[in-house]
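Quick note: the coordinates plus some simple rules give every number you see, no bench work behind them. Bear in mind the structure is a predicted one, so any value in this text is a computation, not a measurement. Here the Cβ positions follow ideal geometry from the backbone for every residue, glycine too, while neighbour counts run over all protein chains shown.
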Amino acid sequence: MNDKNEMRLEFESRSQNESFARTVVAAFVAQLDPTIEELADIKTAVSEAVTNSIIHGYVDEIGVISMHCTICENELTVEIIDQGVGIDDVNKAMEPLYTTKPELERSGMGFSFMEAFMDDLQVVSSSGTGTRVIMRKKIGRIEMKRRFAPQTFEIEA
Ligand SMILES: Nc1ncnc2c1ncn2[C@@H]1O[C@H](COP(=O)(O)OP(=O)(O)O)[C@@H](O)[C@H]1O
Ligand SMILES: [Mg+2]
């Protein structure tokens, strides 16, 4: 049996679809039996990526956002893709507190949150070609540690 599972979704870049998108990812990853904390981390990261496509990618227009989720063994991969304006300098955009929209009271912490809450973050973008954000997270690592090394397992304070 193939233990890979995939789903794809396309939706319009309307602000009400941000909560729709994170709820869909949460429902998809439920099959890995994540903890409430893992679920909250994933929802926050998805929410940040989708919000970026809505407000930075498609400025003053409604475009299509694609979401591609894969589960392979105990790892979730989420890709959020837009065909919006793209990012000139990805490294600079990923710096904490960097924002091109301070007037909208953006915190400039979106990419930092994605990095903190997921295990891995890749951003592929250039001006005019849109943006692809790829995030990965392994689910159930604490449980695995408990199961395989019960005598050495310690919860960090
Ligand atoms: N999908 C996107 N399309 C175009 N620009 C983006 C996209 N995502 C992020 N950016 C750029 O990267 C910057 C940093 O993003 P982020 O860390 O989420 O901070 P914030 O959204 O608060 O500005 C944004 O201000 C924007 O210039
Ligand atoms: Mg943001």
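Quick notes
- Selected from Asp119, Asp60, Asp33 as most flexible by GNM, with the chain as the system and alpha-carbon contacts under 10 Å: Asp60
- Size of electric dipole in the chain: Cβ of Lys, Arg +1 and of Asp, Glu -1, about Cα centre, debye, nearest 20: 300
- Helices meeting the span-like rule in the chain (full DSSP H runs, Cα extent of at least 20 Å along the helix axis, mean Kyte-Doolittle score of 0.0 or higher): 36-52.
- Mean Cα-pair separation over length for the chain, i.e. relative contact order, pairs under 8 Å, 6 or more apart, %: 25
- For Val78, neighbours were defined as the other residues whose beta-carbon sits under 12 Å from its Cβ, and their charges (Lys and Arg +1, Asp and Glu -1) total -1.
- Sparse packing (at most 13 other Cβ atoms within 10 Å of the Cβ) combined with a DSSP loop state is found for none of the GluC sites (Glu not before Pro) in segment 1-53.
- Projecting the alpha carbon convex hull of segment 64-144 along each direction and taking the average yields 6.2 nm².
- Cα pair distances exceeding 22 angstrom across the chain, given as percent: 43
- Total lysine pairs in the chain at Cα distances under 30 Å, for residues eight or more apart or on different chains: 14.
- Theoretical ellipticity at 222 nm over the chain - DSSP helices of four or more residues, -39500 (n - 2.57) apiece, nearest 500: -9500 deg cm²/dmol
- Pairs of Cα atoms farther than 17 Å apart, segment 23-109, %: 55
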